[in-house]
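Engineer: Before anything else, here's the structure in question.
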Amino acid sequence: LFRIGQGLGLGGEWGGAVLLATENAPPGREAWYGMFPQLGAPIGFLCSTGSFLLLSDLLTDDQFLSWGWRIPFVASAALVLVGLWVRLKIAETPAFRKAIEREERERVPLAAAVTGHGGTLALATVAAAATFAIFYLMTVFTLSWGTSVLGYTRGEFLPLQMIGVLFLGLMIPVSARLADRYGREAMLIAASLGILAFGFTFESLFVAGSATSVAVFLSIGLGLMGLTYGPLGAALAELFPTAVRYTGASVAFTLAGILGASPAPYVATWLGKTYGLGSVGLYLSAVAAAAAIAFWIIARRRIFAANAAGAAA
């Protein structure tokens, strides 16, 4: 039920937040403005993990399982109220107001996005999948494997993950700056290739008895996730015309989450138990390779469209 609620919230929230930022951004700074909604992921992770870690230290296991776990959920109601206040104050972006004036809005934007921009939707989904795959491998899978196989306690492992998430948060603005300077696709291709290379370090860095090695492993992995996540909002939004931009970007982001995140912990656990940790890294590398290829195709299509527009002019 919590995941259903999260999906309903994120499906309508993420695309709108990114578009509000990017469509109000000065020219050449779209990725920088678009990365601010992305900071919600590391900040939210640090708040949630920190609160549960604190409660685990203050309460017994019986108290935590009986009622303590509810405290962070109830406390998060304050964020809902802040979000509601913000939504009541904001106005439509200039680009969307122009679309309304020109009567360009689609009656069924989802159908228009799928039928008119299906290829772009598929490419965007594959391109964004690596971001979700590495995040869930670095959080859900590593916590499970670290505590059940490598012998770390939850109290030992969660702080290591929080260190890694700090690097996720730090790399988001760095990647946004680089994306505005060198181009969204160039930045995202480089980050995807970095994730591909990182996949080969699973067996050597994610080991028992060395918290330092695990901290380095998580910091590199989540830092690379930040390099892909920072410019992702702006990159997805600019792929679609204004009339279907909200729907197109949101659907691609959501489908990428399903494709990249949902199977990742289960596939990784099965691979790890069957073939060893090296196979988990190869799985991540394969997803990253597909993302890099998708971003390359997107970049080529953009160049072709720009050349065609120049020729027509």
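Engineer: Work the Kirkwood hydrodynamic radius out for region 1-80: mean of 1/r over every pair of different alpha-carbon atoms, inverted, in Å.
Structural biologist: 14.9
Engineer: Rounded to the nearest 20 debye, what is the charge dipole size of the chain about its Cα centre when +1 sits on each Lys and Arg Cβ and -1 on each Asp and Glu Cβ?
Structural biologist: Using only the charged Cβ atoms, the result is roughly 580 debye.
Engineer: Give the relative contact order (percent, whole number) for the chain; include only Cα pairs under 8 Å separated by 6+ residues.
Structural biologist: Contact order relative to length: 30 percent.
Engineer: Next question. Name the shape class, rounded, prolate or oblate, that the alpha-carbon gyration tensor gives for region 163-230, where a ≥ b ≥ c are the square roots of its eigenvalues, rounded holds for a/c under 1.5, and otherwise prolate holds if a/b is larger than b/c and oblate otherwise.
Structural biologist: Oblate, because a/c is 1.5 or more while a/b does not exceed b/c.
Engineer: Order Met171, Met138 by their accessible area, 1.4 angstrom probe, all chains in place, largest first.
Structural biologist: Highest to lowest solvent-accessible surface, that is Met171, Met138.
Engineer: Determine the shape class of region 209-265: with a ≥ b ≥ c the square roots of the Cα gyration tensor eigenvalues, call it rounded for a/c under 1.5, and otherwise prolate if a/b is greater than b/c, oblate otherwise.
Structural biologist: Since a/c reaches 1.5 but b/c is at least a/b, the shape of region 209-265 is classed as oblate.
Engineer: Per-residue accessible area for Asp61 at 1.4 Å probe radius, Å² rounded to 10?
Structural biologist: 110
Engineer: Next up: Just to be sure I understand the rule: take each whole DSSP H helix in the chain, project its Cα atoms onto its long axis, keep it if the span is 30 Å or more and its mean Kyte-Doolittle hydropathy is at least 0.5. Which ones pass?
Structural biologist: Helices meeting the criterion: 154-182, 211-237, 277-312.
Engineer: How big, in percent, is the set of alpha carbon pairs in region 239-313 lying more than 17 Å apart?
Structural biologist: Distances greater than 17 Å cover 63 percent of the Cα pairs.
Engineer: While we're looking at this one, here's another question. Once a ≥ b ≥ c are taken as the square roots of the eigenvalues of the Cα gyration tensor of region 117-203, is the result rounded (a/c under 1.5), prolate (a/b larger than b/c) or oblate (a/b not larger than b/c)? Can you show the working numbers first?
Structural biologist: Details: a/c = 2.56, a/b = 1.77, b/c = 1.44.
Judged from the Cα gyration tensor, region 117-203 comes out prolate (a/c at least 1.5, a/b above b/c).
The values are calculated or read from the model by the stated rules, or taken from the named source; none is laboratory data. Here the structure is a predicted model, which means the values were calculated and not measured. Backbone-built Cβ (ideal geometry, glycine too); neighbour counts: all protein chains shown. Only protein heavy atoms, including side chains, enter the accessible area calculation; ligands, DNA and RNA are left aside. Shrake-Rupley method; radii C 1.70, N 1.55, O 1.52, S 1.80 Å.
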